[in-house]
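Contents: one structure, followed by commentary.
The values are calculated or read from the model by the stated rules, or taken from the named source; none is laboratory data. In this text, all values refer to a predicted model and were calculated from it rather than measured experimentally. We place every Cβ from the backbone using ideal geometry, glycine too, and count neighbours over all the protein chains shown.
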Amino acid sequence: MAKFLRNDLVVLAIFAVVVLAMPIWLQPLGAGYPDLLQRFAIYGIFAIGFNILFGLTGYLSFGHAAFLGVGSYAAVWSFKLLSLNVIPAVMLSIVVAGLFAAVIGFICLRRSGIYFSILTLAFAQMSYNLAYSVLTPITNGETGLRVLRADPRVIDGMLGVDAKGVLVTDLFGISMSGYSGFYFCAAMLIIGFFFAMRIMRSPFGMMLKAIKSNQNRMSYTGFNTRPYALAAFVISGMYAGLAGALLAATDPLAGAERMQWTASGEVVLMTILGGAGTLVGPFLGAGIIKYFENIFSAFNQQALNQAFSFLPEWLQDIVVGVISPFVGEGWHLTLGVVFMLIVIFLPGGLMEGFRRLGRLFTSGGNGPDRRKAASPAAQPQAAE
Amino acid sequence: MDAIVLQILNGLDKGGAYALIALGLTLIFGTLGVVNFAHGALFMLGAFCAVSFKKLLTLAEVTKVPSDLGFPVTKEVFYLEKWFGQTGLTIIDFAVPLAILISIPVMILIGLAMERGLVRHFYKRPHAEQILVTFGLAIVLQEIIKAIFGANPIPTPAPQFVSGSANIGEWLGLGQFVVYPWWRLIYLLFSLSVLAAVFSFLRFTTWGMVVRAGMQDRETVGLLGINIQKRFTIVFALAAVVAGLAGVMYTPILPPDYHMGMEFLVLSFVVVVVGGMGSLPGAVAAGFLLGILQSFASMNEVKSIFPGIDQIIIYLVAVIILLVRPRGLLGRKGVMET
Amino acid sequence: MSGIKDGVSRRGLMKGGAAAAAIGTAPLVFSRRAWAEKFRNDPGNAKSIKLGFNVPQTGAYADEGADELRAYKLAVKHLNGEGDGGLLTTMKPKSLKGNGVLGKKVEYVTGDTQTKSDAARASAKRMIEKDGVIMFSGGSSSGVAIAVQSLAQEMGVIFMCGLTHSNDTTGKDKRRYGFRHFFNAYMSGKALAPVLKETMGGERKAYHLTADYTWGWTQEESIKNSTEALGWKTVKAVRTPLGAGDFSQYITPVLNSGADVLILNHYGKDMVNSLTQAVQFGLRDKQVNGKSFEIVVPLYSRLMAQGAGKNIKGILGTTNWNWSLKDEGSKAFVKSFGQEYGFPPSQAAHTCYVQTLLYANACEMAGTFYPPEVIKALEGFKFDGMGNGPTEYRAADHQCFKSVLVVKGNEKPTSKFDLLEVVKEVPRSEVEYDPKIFGGELGPYKV
């Protein structure tokens, strides 16, 4: 056990260093600016949380964006009613998202397999449709819920803190935009990562994996698996709520499209891309997809021509001609292709790819830890 | 009364489209055991068969004419019009119905390619992976269509003589305001006949019997020495054709764009689940049922009691059905019932 | 962004066009020194500046976004003194010299809004934080414009709105750092009403189908108010889900409701679908209350109208600008756009092009890129020769006031671009309103 703990601490330390150093090592990749760094951390949290449900129990939720959205709304309401400080907002969001997840999870977990997926999808779509239209008094619909000067902010009022000029969320005076916002999100990510690691290693985590490998057998032994699955569902809902709160904290605006089923699909893509069931994979997947969305989509003809200007002109035309359908407005296409390739050839995600590469170079290396992180896809799914 | 008749017609019409897409989905699931998230894309590709066919018919001789705008504008004369005069224009007018003939072989090819190239390798893999890979395929297909045809909807009207509406109020003795577009009536009839054709094909031919047997028990049929694999490939092609035809005929109702498949995908999944996974009659019944429910939910009288009900009715029904009767309306006992 | 000292005295100096013109002609070195204050993305001594063009490149408005991007590229070309100069040849008063902006070459970066507020803000932040843009622009949805505009205020970077039609953009959600050249739903209503009265009479019963989100609601309200002022009655206003696809269940009750006009408060794909289907249901062939049934689409987008094909023939609506206009500015713009790309520009392209030029011109007027001074140069700026006749950027709400076009789907189009026919150019005076009616506040100059 002591060895395990030490191992975990090493992993955690490396993870923390890598995350906190992102502004430095992402700079050459063109991604070292606060907003994208914040997004890497936030969607990393979202994906790590999603992985606790999907990676461990095998329940594929297609409605997780709803919890993210609810978390965002709760956070913005906290900024409006309580305080511009992010602490109450984060706590409120986690609680609200957790409660919401408990209700939806309680209903959805009565079914498994694809039925579970459809149920979560249905709930998320209902949330989205209502938030966009009928619930506009709460969500401010298409325009998105924003912090306004006229909002009461009870706590700030009591403490005599008065927002001057532009309304910016803060952590006891530290502004949550820019790099300080990123470090706050990164701290949350590291905490979230730590919890996820503890959960995976705990008896509770073992139980969840057992649900995945064979639910029927579990219930034959007289074991009621549902409370465990529900706990996993709620925990991952809380992670989503935290991610939503951080989105709102770094950028105090919550829009309904965060809850659309395509947004739920996105977190599935992230998790699978990186490697479901692994610790680091979901974070990696989230980073890659956000990188695509923000950097790849911005390559235009002009930028491409500049990038390849070292080539002779005729070659430059050919290269730019071949690449341009895949970048800029074609970034969705690239995403689709990459995603298909991953699912076809590396169902365990990029982490499996790394493992295979690692196996090529080292002869041995199959300790207990490695097997634990093995891809979920390689194991039979019980749900169907 | 008038309103109810019209809403039932609306529901049947929508239901026809849902049923056609859901039928293919459930057929693929029942035989191949594959959850095909690219099925909406097949519907979209069908619609774009009609668009491409119309583009083909309206190929035009382009000449640059100087204009007072400061740059030459292009003037287009359709080759068909140039060669055949009025007859050519009539052919163009009938682009959508004619596209059916083109779309059948095209959709068969697409279906075969998809099954052989991709889906086949996923028979034994978990449903989650099937969903993901076909979802990826759907994204790729729609982005290709967008790269070729752009993102805007493309008008593909029905032939002139059926573009108006039928005065069904007079036939039924309901008054002059009960009218319904001819094309939608045609669509309803069309979807019913395609459904009938598929059902009789599966019921009355030996070929279909084997497929149905395969749906019940794949292993035993395989043991009988029948090449079930090959039949399943053809089943996939058949499902692709059905979805494609639904798409072709839908173009005059909904000017097609690259994203239409995704919009129908979620709905048709709900239809399949409500009807019962793998149940063909279930898919059809649920398609029509949900279509009608959706129409009624959007009536003002209903909305004034339940605000926003038209936004969520489909999902609400799905949730209730899944909780109360998880095998779906007409699903077989024991199939996917956990 | 703290640490910027208040420059009231300088601001006072800057007031008035005369002073601006004087500074504009002064040596550039001088003007650069005049504002040694720090602001975000100050180009300093760099030889070039960057503008950010944030348009939908994926999703339903991708084609509109592509057309906007074409216009932006053209504007950059013209600002740098390349090409035929476009509207630089007709704009007046003009401080631009065709050598970039304040002597600096203009470069640009692009981004994809996906027509989602989140993605649009992420993309805008990338432009501001990573690429260092001094101004950004773009649009095609009011939700996005409002979200991005408040970001502009927070970051202290000017946002020139592209296509956004909601009253809120320059109404209750207006911002000091946001400017809109495009018209709004209120103006649509005001401009449309007299023409509706002329063609359909003063006793009509209207039935609204409204996209169930904020823009739809503001348009419904504006059109309702101005038609009811004519004496029309509103029989019913029904909300439809966004992206409903099939609108049949909303259209069938219309004929039996006793209404004789259907008003479609839809935009984009929803407009294409609802209009196509309303025509299919034979509404326009009917006689109700002894009058022939009519359909109105208050906001037209030519690019989208293409999707509805023949169905738009004869249907009234409004638009910000149309390429068939014959004034000098419009002709110059259509010519240089057409020479570049081979087809005429859309209204979205026009507004984006004009916005870019207006921003650049304001920098020249202010003699600096320092946003508060540029904002002051834009506020109350009166100009002409940009395609809509005499226009003013109203200082109170950053809304442009100019004539609004009432258009009709062309009965006999001469080409596939010739979809809309201008029925009437409604002068500015008829669509003007008191900025107070929508509330909201602009916020501070300095952030």
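Data for the structure
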item: Residue in the stretch A:62-74 that is touching a Lys or Arg at 6+ places or on another chain (Cβ under 9 Å), surrounded by fewer than 24 Cβ atoms within 10 Å (Cβ to Cβ), assigned to a helix (DSSP H, G or I) and in contact (Cβ under 8 Å) with a residue 40 or more places away in the chain present; result: no
item: Qualifying position, being at pLDDT 85 or above and within 23 Å of A:Gly205 (Cβ to Cβ), among A:Arg359, A:Arg371, A:Arg355; result: A:Arg355
item: Subset of the stretch C:210-221 (residues that are modelled with pLDDT of 90 or more and out of contact with any Lys or Arg (no Cβ under 8 Å at 6 or more places or on another chain)); result: C:Gln219, C:Glu220, C:Glu221
item: Residue that is farther than 26 Å from B:Pro155 by Cβ, more than 10 Å from chain C (Cβ to nearest Cβ), assigned to a helix (DSSP H, G or I) and at pLDDT below 90, where the choices are B:Leu23, B:Leu80, B:Leu27; result: B:Leu27
item: Pair list, Cβ < 7 Å and 6+ apart or interchain, from the stretch A:298-323 residues that are closer than 13 Å to C:Tyr108 by Cβ to residues that are surrounded by 14 or more Cβ atoms within 10 Å (Cβ to Cβ) and of a type in the set (Lys, Arg); result: A:Ala298/C:Arg126
item: Among the candidates C:Gly439, C:Gly389, residue that is surrounded by fewer than 18 Cβ atoms within 10 Å (Cβ to Cβ), in contact (Cβ under 8 Å) with a residue 12 or more places away in the chain, within 14 Å of chain A (Cβ to nearest Cβ) and small (Gly, Ala, Ser); result: C:Gly439
item: Count of the stretch C:205-237 residues which are of a type in the set (Val, Ile, Thr) and under 16 Å from A:Tyr132 (Cα atoms); result: 3
item: Test: residue in the stretch A:84-99 that is without any contact (Cβ under 8 Å) to a residue 12 or more places away in the chain and in contact with a Pro (Cβ under 6 Å, 6 or more places away or on another chain); result: no
item: Some residue of the stretch B:279-298 being within 10 Å of chain A (Cβ to nearest Cβ), under 23 Å from B:Asp13 (Cβ atoms) and not in a loop (DSSP other than H, G, I, E, B); result: no
item: Helices (runs of 4 or more DSSP H) enclosed by the stretch A:82-164 - at least 1 residues per element that are within 12 Å of another protein chain (Cβ to nearest Cβ); result: A:86-108, A:113-132, A:136-139
item: Residue check, C:Glu129 free of Cβ contacts under 8 Å to residues at least 12 places away in the same chain, closer than 24 Å to A:Gly32 by Cβ and either acidic (Asp, Glu) or within 14 Å of chain B (Cβ to nearest Cβ) (or both); result: yes
item: Residue check, C:Asp112 surrounded by 24 or more Cβ atoms within 10 Å (Cβ to Cβ), farther than 19 Å from A:Ser177 by Cβ and acidic (Asp, Glu); result: yes
item: Selection status of C:Ala147, in contact with a Leu (Cβ under 7 Å, 6 or more places away or on another chain), without any contact (Cβ under 8 Å) to a residue 60 or more places away in the chain and under 30 Å from C:His266 (Cα atoms); result: yes
item: Qualifying position, being among the small types (Gly, Ala, Ser) and more than 17 Å from the chain's Cα centre (by Cα), among B:Gly291, B:Gly225; result: B:Gly225
item: Some residue of the stretch A:193-206 being assigned to a loop (DSSP other than H, G, I, E, B), surrounded by fewer than 22 Cβ atoms within 10 Å (Cβ to Cβ) and within 14 Å of chain B (Cβ to nearest Cβ); result: no
item: Those residues of the stretch A:32-52 which are in contact (Cβ under 8 Å) with a residue 24 or more places away in the chain and over 23 Å from A:Leu279 (Cα atoms), in sequence order; result: A:Pro34, A:Asp35
item: The listed residue being of a type in the set (Val, Ile, Thr), over 30 Å from B:Val273 (Cα atoms), under 17 Å from the mean Cα position of the chain (by Cα) and surrounded by fewer than 24 Cβ atoms within 10 Å (Cβ to Cβ), out of A:Val19, A:Val90, A:Val11; result: A:Val19
item: Residue pairs meeting the criteria (Cβ under 7 Å; at least 6 apart or on separate chains; first over 16 Å from A:Met270 (Cα atoms) and within 9 Å of chain B (Cβ to nearest Cβ), in the stretch A:324-339; second surrounded by 17 or more Cβ atoms within 10 Å (Cβ to Cβ) and of a type in the set (Ser, Thr, Tyr)); result: A:Glu329/C:Thr58
item: Pick from the stretch A:116-154, criterion closer than 24 Å to A:Val103 by Cα and of a type in the set (Val, Ile, Thr), ranking: surrounded by the most Cβ atoms within 10 Å (Cβ to Cβ); result: A:Thr120
item: Options C:Lys94, C:Lys125; residue that is of a type in the set (Lys, Arg), within 22 Å of the chain's Cα centre (by Cα) and in a loop (DSSP other than H, G, I, E, B); result: C:Lys94
item: Tally, over the stretch B:144-168, of residues that are part of a helix (DSSP H, G or I) and within 8 Å of chain C (Cβ to nearest Cβ); result: 1
